[in-house]
Amino acid sequence: FAVVDMHKGEVHIARDHLGIKPLYYTRVGNTLLWASEIKSLLEWPGVTREVNTEALDEQLLFRYTAGERTLFKNIFQLRPGFRLAATARDARVVRYWEIPDKAETAMDPSGVLALIENKLEGSVKSQLISDVKLGCQLSGGIDSSLVTAMARDKFGANLESFSITFSEQHVSEERWIREAAEKTATKCHMFPMTYEYFFENLKRATWHMDYPLNLANGVGLFLLAQEAKKHVTVLLSGDGADEVYGGYPRFFFGATRARVLPLVERLRFLPKLGPELVRNYDL
């Protein structure tokens with residue numbers, strides 16, 4: 001959001017605590033420009049479309065740029081938990097929130113579980129406050145299934161769920177999507193992702209994201225948004241839970257690498273197991 005103080009001649013813009021929404025800014029002379037999409041800034045006379053070559057290595061290595069840099073020269077992103085205060089003369093970026101390093105007091109495991117459930121319920125409940133029809137983005141994973149279950153059972157929300165499926169069974173999560181939808185009694189909409197759709201819409205999805213897609217599922221999300229919009233305006237999702245709770249396999253491999261790595265050299269020639277160990281541990 002942005003607040004303009006007409007008396008002091010100041011502008012204050014702020015990004016949300018965890019960076020769920022993007023916020024970009026640039027300055028042309030004495031003019032401060034900000035927007036939630038880079039393409040909006042590029043419409044202003046004087047804002048040039050120049051690649052920030054200093055950020056290319058970082059983008060190619062990590063698939064994103066950290067800090068304030070973007071792939072566009074002289075266009076910056078306001079970091080999560082930061083605000084920018086600007087006058088006609090200068091601008092300063094100030095941190096207003098950060099993730100605590102540790103809990104204020106130690107808690108037993110049962111207390112932690114109860115606190116997590118309470119916080120999750122509160123978060124879901126707050127997101128159900130809406131002037132428009134909303135639904136759930138359901139992947140069949142634990143995170144989105146929990147959100148859907150809490151919205152449906154705890155608060156009686158009459159929800160519809162929306163999912164992407166694939167014809168290849170080894171990557172499709174249709175089985176778990178159907179199970180979650182059945183247990184939560186939600187009306188389930190599933191949309192198949194095809195090779196044709198992916199290549200026909202890769203450029204459009206990238207345009208909407210303002211960045212090279214760092215994951216192939218960006219096109220799937222584009223399809224999901226397109227189709228869901230025909231039924232609802234807002235989607236609840238479980239994005240971010242895997243990062244918080246270490247739900248991706250790479251977290252497991254990272255935590256066990258020091259213990260497993262000495263064994264990799266001896267086991268690398270075993271059929272099936274050897275190549276799998278080398279792929280996951282011998283980096």
Checklist entry - If the cut-off is a Cα-Cα distance under 12 Å, which aspartates and glutamates reach K39, setting aside same-chain residues fewer than 8 apart in sequence? => result D210
Checklist outcome for this item: Excluding residues fewer than 8 positions from K272 in its own chain, the aspartates and glutamates with Cα under 17 Å of it are D282
Item to check | Portion, in percent, of the accessible area of the chain that falls on carbon or sulfur, probe 1.4 Å | outcome: 58 percent
Checklist outcome for this item: Here the gain from full extension of R268 to I116, 0.36 nm per residue of separation minus their alpha-carbon distance, amounts to 50.6 nm
Checklist entry - So how do F62, F155, F162 rank on accessible area, 1.4 Å probe, biggest first, that is with the largest at the start? => result F62, F155, F162
Item to check | Between region 5-60 and region 124-159, the Cα center-to-center distance that results, in Å | outcome: 33 Å
Next on the checklist: Just to verify a number: FRET efficiency for A225 and T87, C-beta to C-beta distance, R0 = 35 Å, to 0.05?
Outcome noted: 0.40
Item to check | Neighbour cut-off at most 15 other Cβ (10 Å), DSSP loop, trypsin sites (Lys or Arg not before Pro), region 110-189 | outcome: K133
Checklist entry - Taking the Cβ-Cβ separation of V4 and E196 as r and a Förster radius of 41 Å, what is the calculated FRET efficiency to the nearest 0.05? => result 0.30
Item to check | Options G46, V234, F155, ranked by Cα towards positive dipole end of the chain, top entry (Cβ charges) | outcome: G46
Item to check | FRET efficiency estimate (nearest 0.05) - Cβ-Cβ, D101 to V51, R0 51 angstrom | outcome: 0.90
Next on the checklist: Need the list of aspartates and glutamates near K125 for cross-linking: C-alpha distance under 20 angstrom, and skip anything on the same chain fewer than eight residues off.
Outcome noted: D16, E117, D143, D153, E160, D239
Checklist entry - Taking a 20 Å limit on the Cα-Cα distance, which of the listed pairs K187/K229; K133/K187; K133/K230; K133/K154; K102/K154 fall beyond it? => result K102/K154
Next on the checklist: Given a 1.4 angstrom probe, what's the average accessible area per residue across region 122-260, in square angstrom?
Outcome noted: 63 Å²
Item to check | Per residue accessible area of region 1-110, 1.4 Å probe, in Å² | outcome: 71 Å²
Next on the checklist: Cβ neighbours within 10 Å, averaged per peptide: list 237-250, 93-106 in order, most packed at the top.
Outcome noted: 237-250, 93-106
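The values are calculated or read from the model by the stated rules, or taken from the named source; none is laboratory data. A quick note: this is a predicted structure, and the numbers were derived from the prediction, not measured. Cβ: placed from backbone, ideal geometry, glycine included. Neighbour counts: every protein chain shown. Keep in mind that these areas ignore ligands, DNA and RNA; they rest on the heavy atoms of the full protein, side chains included. Shrake-Rupley method; radii C 1.70, N 1.55, O 1.52, S 1.80 Å.
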